[in-house]
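Take a look at the structure set out below.
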Amino acid sequence: MQPQADQRTGLVYGTAAYVVWGLLPLYWHLLGDLSPAEILAHRMVWSLPVALVILAVLRRWSWIGRLVRQPKRLGLVLICAAVISVNWFLYIWAVNAGHVLEASLGYFINPLVSIAFGVLVLRERLRPLQWVAVGVGAAAVVVMAVAYGKVPWISLGLAFTFATYGLVKKGVKLDGIEGFSAETAMQFLPALGILAFLGARGEAGFLTGGAGQMLLLMGCGVATALPLIAFGAAAVRLPLTVLGMLQYLAPTFQFVLGLLVFHEEMPVERWAGFGLVWLALVVLTYDAVRTARSARSALATARKAAREATAETAAAQSAAQHPAPSAAQAAPEAPETAPELGTAKP
């Protein structure tokens, strides 16, 4: 178990990561005059220098040679880079097209999609309450699809792409900064090509939008890297159950921004859909906390039993090495001849 001070530090890092992710719509909204493709390309291009600086500070280069010699892992990194690129593009487009609430719903649904992937792809077995949560989440999608007359494709697209990204990353087995660096390295040249194409057409906002817009575009790399680094620092300090609950901070902030800052509509049917998703997440969180407590209790019982068994073994070994004296050895030696009663001399 992590020390309490270490867990507090992890809680600060984790909260910071998810709050930044939750507030990113404000950042993308400042760049709303640009096309989502250009914002995405700048996010990719400026992420690589940030990653290289971090690697240089940490002096972590040895993993690159091992990765290059493993074509299968390189292929998985390429898939990760492609899937997260789609996720980023869809998210930036949704924010600047006035769909922040639907984007937030996607990240609320994401844990349920990840669980479904665990069953369908990894053949994991669900506990009864997890089945309930997935069922309620599916009902929420049906409710909103019927109410709006169309499937909430933005929410589902964000949820499925991010869940796919997480699933593939399990096979890559690189930590936060290493995975981020490898993915941005693969994104760099295609993104640079997009920017060159836009520049040739005279549509590059980086050169025509003034110094403020230029700095915002350059800052896309920092805005992408900082929460990821904070998340990596939290992941090594916090239990998964705590991280799992913190992840709801990001879509909650997005929901509040969509409702109160961007003033998006929230009709009754949308409230019903969100309400069902939140109910599913409450069930899921309750099940995770209860399971974690049971696991900790079982672990404590096993440790206690192990300590008792160790103590008994040590006592048995000590007894074997230093046996107790026998009754004959313990009794005092009797004199060879004892005087008869009444014959003792004064």
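The values are calculated or read from the model by the stated rules, or taken from the named source; none is laboratory data. Note that the structure is a prediction, hence the values are computed from the model and not measured. Note that each Cβ is placed from the backbone with ideal geometry, even for glycine, and that neighbours are counted across all protein chains shown. Surface areas here come from the heavy atoms of the whole protein model, side chains and all, with no ligands, DNA or RNA. Shrake-Rupley method; radii C 1.70, N 1.55, O 1.52, S 1.80 Å.
Any idea how many residues of the stretch 74-121 are more than 18 Å from the chain's Cα centre (by Cα), at pLDDT 90 or above and among the β-branched types (Val, Ile, Thr)?
5
Out of the stretch 123-147, which residues are open to solvent by less than 40 Å² (accessible area, probe 1.4 Å) and farther than 29 Å from Thr291 by Cα?
Listed by number, the residues that qualify are Met144, Ala145.
How many of the residues making up the stretch 119-175 are in a loop (DSSP other than H, G, I, E, B) and touching a residue at least 60 places away in the same chain (Cβ under 8 Å)?
Result for the stretch 119-175: 4.
May I ask you to say which residue of Leu257, Leu279, Leu228 is part of a helix (DSSP H, G or I), under 18 Å from the mean Cα position of the chain (by Cα) and not aromatic (Phe, Trp, Tyr)?
On the way: Leu257 fails: under 18 Å from the mean Cα position of the chain (by Cα); Leu279 fails: under 18 Å from the mean Cα position of the chain (by Cα).
Within the list Leu257, Leu279, Leu228, the selection yields Leu228.
Could you tell me which numbered condition Asp33 fails, if it satisfies all but one of (1) of a type outside the set (A, V, I, L, M, F, W, C); (2) open to solvent by less than 40 Å² (accessible area, probe 1.4 Å); (3) touching a residue at least 40 places away in the same chain (Cβ under 8 Å)?
Of the numbered conditions (1) of a type outside the set (A, V, I, L, M, F, W, C); (2) open to solvent by less than 40 Å² (accessible area, probe 1.4 Å); (3) touching a residue at least 40 places away in the same chain (Cβ under 8 Å), the odd one out for Asp33 is (2).
Take the conditions surrounded by 14 or more Cβ atoms within 10 Å (Cβ to Cβ) and of a type in the set (A, V, I, L, M, F, W, C) and apply them to Leu243. Does it pass?
When the stated conditions are applied, Leu243 passes them.
Six or more apart or on different chains, Cβ under 8 Å: which pairs go from a residue in the stretch 284-306 that's under 27 Å from Ala116 (Cβ atoms) to one that's open to solvent by 70 Å² or more (accessible area, probe 1.4 Å) and among the charged types (D, E, K, R)? Could you list them?
Asp287/Arg127; Thr291/Arg127
Filtering the stretch 36-59 down to residues that are among the small types (Gly, Ala, Ser) and surrounded by fewer than 22 Cβ atoms within 10 Å (Cβ to Cβ), which residue is nearest to Arg201 (Cα to Cα)?
Ala37
Can you work out which of the residues in the stretch 148-201 that are of a type in the set (Phe, Trp, Tyr) and touching a helix residue (DSSP H, G or I) at 6+ places or on another chain (Cβ under 8 Å) is surrounded by the most Cβ atoms within 10 Å (Cβ to Cβ)?
The extreme case among them is Phe180.
Taking Gly22 as the residue in question, decide whether it is within 25 Å of Val168 (Cβ to Cβ), surrounded by fewer than 14 Cβ atoms within 10 Å (Cβ to Cβ) and modelled with pLDDT under 95.
Here the answer is no, as Gly22 does not meet what is asked.
Consider Gly205 against the criteria (1) open to solvent by less than 30 Å² (accessible area, probe 1.4 Å); (2) within 16 Å of Leu23 (Cα to Cα): it satisfies all of them except one. Which criterion is unmet?
(2)
I'd like the full set of residues that are of a type in the set (D, E, K, R) and either assigned to a helix (DSSP H, G or I) or open to solvent by less than 60 Å² (accessible area, probe 1.4 Å) (or both), limited to the stretch 67-118. Walk me through it before giving the result.
Of the stretch 67-118, the ones of a type in the set (D, E, K, R) are 69, 72-73, 102.
Of everything in the stretch 67-118, those that are of a type in the set (D, E, K, R) and either assigned to a helix (DSSP H, G or I) or open to solvent by less than 60 Å² (accessible area, probe 1.4 Å) (or both) turn out to be Lys72, Arg73, Glu102.
Can you tell me which of (1) surrounded by 17 or more Cβ atoms within 10 Å (Cβ to Cβ); (2) modelled with pLDDT of 80 or more is the one Val261 doesn't meet?
(1)
Residue check, Phe274 against (1) open to solvent by 20 Å² or more (accessible area, probe 1.4 Å); (2) of a type outside the set (Ser, Thr, Tyr); (3) touching a residue at least 24 places away in the same chain (Cβ under 8 Å), all met but one. Which one?
(1)
Evaluate the following for Leu24: is it assigned to a helix (DSSP H, G or I) and either under 30 Å from Gly210 (Cα atoms) or free of Cβ contacts under 8 Å to residues at least 40 places away in the same chain (or both)?
Values: assigned to a helix (DSSP H, G or I): yes; either under 30 Å from Gly210 (Cα atoms) or free of Cβ contacts under 8 Å to residues at least 40 places away in the same chain (or both): yes.
So Leu24 passes the test.
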